[in-house]
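All remarks here apply to the structure that follows.
Nothing in this text is a laboratory measurement; each read-out follows from the coordinates by a stated rule. Not measured: the values here are computed from a predicted model. All Cβ positions, glycine included, derive from the backbone under ideal geometry; neighbour counts span all protein chains shown.
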């Protein structure tokens with residue numbers, strides 16, 4: 001007998017798929033790795049206690065809620081633009097209505113704030129400031145995403161400074177901040193600038209029509225792609241130097257070797273980038289995010305190896 005999937009089950013699966021795409025999975029993965037990576041560094045190689053595991057869980061859930069709020073709010077304000085640039089997103093495609101989108105965003109934002117409030121001042125400050133900047137990035141009349149400098153500033157401030165410093169302070173229970181976290185923060189600050197400018201390359205048509213000023217519109221896609229590549233290369237080279245000089249509590253040679261390998265991989269992968277093909281651009285953008293993900297594995301690994 002031929003089996004048939006239940007309509008309600010199918011609808012539920014479709015809703016989950018739409019919610020996953022609404023959350024912008026690459027940002028969810030980045031948030032997850034940053035929370036877990038900073039937690040690992042804060043433990044300095046020791047096995048967490050039960051209260052520490054619970055602290056990690058609540059911090060992770062609060063940050064995921066904040067992430068969903070920020071990316072969802074951006075999509076709600078960009079529905080018309082996304083119908084051109086990203087037509088498969090749930091709001092642009094009509095899978096979610098604007099009302100459903102606002103409900104998800106409101107619940108995730110309120111949930112993130114409420115949960116962070118119960119976990120202490122550092123996590124609350126981290127989540128609250130991130131949501132405030134995310135709101136200013138998307139919502140008129142401020143809508144900082146209209147301006148290349150302020151759009152980049154919002155992204156690398158949240159991903160670079162606020163998340164890294166705030167989460168480490170939360171997990172450690174306050175100051176001081178160790179040099180390794182400062183090094184990771186500087187790396188991510190610079191790296192997320194590359195992400196911020198490269199993400200606009202495939203969105204040129206929609207941004208131009210709706211008067212969203214980006215570096216891609218001002219300088220052209222080839223110049224922005226070169227700038228992003230040079231920026232990431234600088235990040236890797238700085239980590240090579242720091243691994244042999246400043247970061248004495250890490251496995252410096254291993255840190256340097258990994259970043260030299262990632263640098264070579266970046267420029268090898270560059271050979272496949274076709275700036276005339278949106279599929280190629282999107283694939284390279286996801287590759288850049290994968291390099292970003294790896295950093296939250298590399299730093300804890302090279303730190304824990306020495307301190308365990």
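Here are some notes:
- Separation of alpha-carbon centers, segment 257-308 and segment 94-162, rounded to whole Å: 26 Å
- Efficiency of FRET between residue 53 and residue 290 - r from beta-carbon atoms, R0 30 angstrom, step 0.05: 0.65
- Between residue 107 and residue 139, the contour length at 0.36 nm per residue exceeds the alpha carbon distance by 9.8 nm.
- Extension gain, residue 12 back to residue 230 (0.36 nm per residue minus Cα-Cα distance, nm): 74.1 nm
- Of the peptides 190-201, 28-39, 256-267, the order by per-residue mean of other Cβ atoms within 10 Å, starting with the highest, comes out as 190-201, 28-39, 256-267.
- Overall, the anisotropy analysis places the chain in the oblate class: the square-rooted eigenvalues a ≥ b ≥ c of its C-alpha gyration tensor yield a/c not less than 1.5, with a/b not exceeding b/c.
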